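Asker: So that we are looking at the same thing, I have put the structure below in structure tokens.
Computed from the coordinates by the stated procedures, all read-outs in this text should not be read as laboratory data. These numbers come from a predicted model, not from an experiment. Cβ atoms come from the backbone with ideal geometry, glycine included; neighbour counts cover every protein chain shown.
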Amino acid sequence: MAAQNGKDLLIKLDLTGAGQFETIAGLRATRISFNAESVDVTSLESQGGWRELLSGAGVKSASISGSGIFKDTDTDARARQIFFDGLTPDFQVIIPSFGIVSGAFQVTSLEYAGAHNGEASYEISLASAGALDFVAL
């Protein structure tokens, strides 16, 4: 895969629950991580003493994080309300030249910061809250 613009990695949020996704405005940096726990089934009979893993077992998860500046009151207010209400709405993550990941996520962290001579900024972290869909681009 050729080099891509970092600004093309987008986190989108379903603002109303109707399936219309809006980019979370003001994000300057975004990151998505996929994880899969393994289930170790190694025994004394494992060939050569090598670890064996149970295929298809374990918990899969994804986490998303982003940081940026306040720019759009609708997406900022929706993210804040999702956090305080403990909701798990649908999000989309567009990964350039890779695909679109979508599904329910919970806002697990929302941080605000600001400097006297700078702009107010925020950081947001999300954790998958169910099965995710993937569509290749």
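Asker: Within the range 16-26, track down each residue that is part of a loop (DSSP other than H, G, I, E, B) and out of contact with any Ser or Thr (no Cβ under 7 Å at 6 or more places or on another chain). Before the answer, list the steps.
Answerer: Our first condition is that a residue be part of a loop (DSSP other than H, G, I, E, B); within the range 16-26, this holds for 16-20, 24-26.
The answer is T16, G17, A18, G19, Q20, G26.
Here is a yes/no grid of residues against (1) in contact with a Phe, Trp or Tyr (Cβ under 9 Å, 6 or more places away or on another chain); (2) under 16 Å from T30 (Cα atoms); (3) acidic (D, E):
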{"residue": "G48", "(1), (2), (3)": "no, no, no"}
{"residue": "L53", "(1), (2), (3)": "no, no, no"}
{"residue": "A57", "(1), (2), (3)": "no, no, no"}
{"residue": "A62", "(1), (2), (3)": "yes, yes, no"}
{"residue": "G68", "(1), (2), (3)": "yes, yes, no"}
{"residue": "T75", "(1), (2), (3)": "no, yes, no"}
{"residue": "R78", "(1), (2), (3)": "no, no, no"}
{"residue": "D85", "(1), (2), (3)": "no, no, yes"}
{"residue": "F91", "(1), (2), (3)": "yes, yes, no"}
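Asker: Within the range 83-122, how many residues are touching a residue at least 40 places away in the same chain (Cβ under 8 Å), under 17 Å from the mean Cα position of the chain (by Cα) and not in a strand (DSSP E or B)?
Answerer: 4
Asker: Please indicate, with yes or no, whether at least one residue in the range 64-76 is outside any strand (DSSP E or B), more than 16 Å from the chain's Cα centre (by Cα) and closer than 26 Å to A131 by Cβ.
Answerer: no
Asker: Any idea which residue in the range 99-137 is surrounded by the fewest Cβ atoms within 10 Å (Cβ to Cβ), counting only those that are among the charged types (D, E, K, R) and touching an Asp or Glu at 6+ places or on another chain (Cβ under 8 Å)? Walk me through it before giving the result.
Answerer: In the first step, residues of the range 99-137 are kept if they are among the charged types (D, E, K, R); the result is 111, 119, 123, 133.
Within this subset, residues satisfying the condition of being touching an Asp or Glu at 6+ places or on another chain (Cβ under 8 Å) are 111, 123.
Values: E111: 10, E123: 15.
Filtering first and then ranking leaves E111.
Asker: While we're on this one: Pick out the one residue from R80, R28 that is charged (D, E, K, R), surrounded by fewer than 16 Cβ atoms within 10 Å (Cβ to Cβ), under 17 Å from L126 (Cβ atoms) and in contact with a Leu (Cβ under 8 Å, 6 or more places away or on another chain).
Answerer: Details: R28 fails: in contact with a Leu (Cβ under 8 Å, 6 or more places away or on another chain).
The match here is R80.
Asker: Follow-up. In contact with an Asp or Glu (Cβ under 6 Å, 6 or more places away or on another chain), surrounded by fewer than 17 Cβ atoms within 10 Å (Cβ to Cβ) and more than 21 Å from A127 (Cβ to Cβ) - does that describe any residue in the range 33-40?
Answerer: From the range 33-40, those in contact with an Asp or Glu (Cβ under 6 Å, 6 or more places away or on another chain) are none; that's our starting set.
Checking the range 33-40: not a single residue is in contact with an Asp or Glu (Cβ under 6 Å, 6 or more places away or on another chain), surrounded by fewer than 17 Cβ atoms within 10 Å (Cβ to Cβ) and more than 21 Å from A127 (Cβ to Cβ).
Asker: Here is a check on your reading of the model: is S38 among the polar types (S, T, N, Q), in a loop (DSSP other than H, G, I, E, B), free of Cβ contacts under 8 Å to residues at least 40 places away in the same chain and in contact with a strand residue (DSSP E or B) (Cβ under 6 Å, 6 or more places away or on another chain)?
Answerer: yes
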